[in-house]
Amino acid sequence: MKEQVESNNLWVAYIKYLFVAYVLSFLLLGGISWCLYKTNISLKAVSVCLVVTYIISNFFAGWRMGKKAEKRQFVWGLLVGLGYSVIVILVSFVGNGYMLASMEKQILVFSLCSLSGMFGGMLS
């Protein structure tokens, strides 16, 4: 019974930290858009900032999830990154009617999100 409660608590924490990753992404993207509005930074720099946003958000969420899990932290961090990337790809599909620009970008987003979440969990 105790293991069941702990498992449920971890899944609740998973949803919570996935939400935290999206809030952090929203804040970082707001800062990027403000910089884009105030200055004339190139689209290449915006693309780099977007990738950094993915990495920071998933690293932080994976790190917090690893702290909560106490065992197999890297797996929980990886799950946070996987969940984040799947939602980003699905929202992109629903919002645009098509997937991200190319399969390479989808793989890049999937890999960056997953690995940064896992790395955050490993360092927790």
Scanning the stretch 74-92 for residues that are of a type in the set (Val, Ile, Thr), farther than 18 Å from Phe119 by Cβ and touching a Leu at 6+ places or on another chain (Cβ under 7 Å) gives Ile89
Regarding Lys68, is this residue surrounded by 13 or more Cβ atoms within 10 Å (Cβ to Cβ), over 12 Å from Met118 (Cα atoms) and either in contact with an Asp or Glu (Cβ under 8 Å, 6 or more places away or on another chain) or among the charged types (D, E, K, R) (or both)? yes
The stretch 1-16 residues that are within 20 Å of Tyr84 (Cβ to Cβ) and modelled with pLDDT of 85 or more, paired with ones that are of a type outside the set (A, V, I, L, M, F, W, C) and assigned to a helix (DSSP H, G or I) (beta carbon under 9 Å, 6 or more apart): Leu10/Lys68; Ala13/Arg64; Ala13/Lys68; Tyr14/Lys68; Tyr14/Gly83; Ile15/Gly83; Lys16/Arg64; Lys16/Lys68
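The values are calculated or read from the model by the stated rules, or taken from the named source; none is laboratory data. Keep in mind the model is a prediction, meaning the values are calculated, not measured. Cβ sites come from the backbone with ideal geometry, for glycine too, and all protein chains shown count toward neighbours.
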